[in-house]
Structure formats: C-alpha cells, structure tokens
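Below is one structure, written out as structure tokens; the observations come after it.
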Amino acid sequence: MARIGFSQRRTVLYLYLWTLSLAALALALRFVPYSDDHGNFDAGWTIVLIAIGLLAIAASIYLVYVLEIVKFRRFRERQLAKQEGITQTEIDEEIEREIETGEFPAMKLDD
C-alpha cells in the first residue's frame, strides 16, 4: 500500500480496522449466544451477529474498492501520459472525470 501512495499511518489504520472487524466477527460467531441447542434463534443476538457480519463484509469491500480505484488511477495515468501534448493537470482532470462519471474507454493491457 505504501507503493501506491498511502502513508504508513493510513496503511496501518486500514489494516488494523479491517482485521478488527474480521476478528470481531470470528469472536461473535464463537461466543454470542444467538441460538439455543435446539436451533431456536434469539432475535436480539441474531441481529447483533448480522450487524457484525455486515460490518466485516463492508470493511472488506471498502478495502478492495479503495485498492482497485488506486490501481485504475495509476494505470489510466500511465496510459494518458503516453499521449503527446497532454499536461499533468489535464491528465488529473480527465481521470477525475472518468471516475466520477464512470465513463472511460475499454482498457487494453499492453505494457
């Protein structure tokens, strides 16, 4: 993450929060009494367990989303930099427009 522009503090914070959410889900699955031995669910504890699960899923999706956006931005920046006569400001504006609108050309993987 440091190679793609994240500070060390931000990287550690993201990874700790993500790990914490997954650990909370694991502990909740083990120790939260969301059902009895006969398969009957306790509504309150089941809601707590679902909330913790959704938090862990959301944290995972967010982390993947952030990393993919960064990958797209760097890939697209290299692609636009190959064009002659385009400034860095124009490249940044074009990438921001593409990310905001979701309109960008099909990508070819050519290195």
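Brief remarks follow.
- Here the stretch 34-50 is the region considered, the condition is being of a type in the set (A, V, I, L, M) and surrounded by 11 or more Cβ atoms within 10 Å (Cβ to Cβ), and the residue that is farthest from residue 20 (Cα to Cα) is 47.
- Helices (runs of 4 or more DSSP H) fully within the stretch 6-111 counting 2 or more residues that are in contact (Cβ under 8 Å) with a residue 24 or more places away in the chain: 8-31, 43-81
- Screening residue 44 against (1) under 29 Å from residue 14 (Cα atoms); (2) small (Gly, Ala, Ser); (3) at pLDDT 85 or above leaves a single unmet condition, (1).
For (1) closer than 30 Å to residue 88 by Cα; (2) at pLDDT below 80; (3) touching a Cys at 6+ places or on another chain (Cβ under 6 Å), each residue gets a yes or a no:
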position: 8; (1), (2), (3): yes, no, no
position: 11; (1), (2), (3): yes, no, no
position: 17; (1), (2), (3): no, no, no
position: 69; (1), (2), (3): yes, yes, no
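- Residue in the stretch 21-33 that is surrounded by 13 or more Cβ atoms within 10 Å (Cβ to Cβ), more than 21 Å from residue 6 (Cα to Cα), of a type in the set (Val, Ile, Thr) and at pLDDT below 85 present: yes
- Residue satisfying all of: in the stretch 58-96; touching a Leu at 6+ places or on another chain (Cβ under 9 Å) and under 20 Å from residue 14 (Cα atoms); surrounded by the fewest Cβ atoms within 10 Å (Cβ to Cβ) among these: 60
The values are calculated or read from the model by the stated rules, or taken from the named source; none is laboratory data. Everything quoted here is computed from the prediction, not taken from an experiment. In this analysis, Cβ positions are derived from the backbone assuming ideal geometry, glycine residues included, and neighbour counts consider all displayed protein chains.
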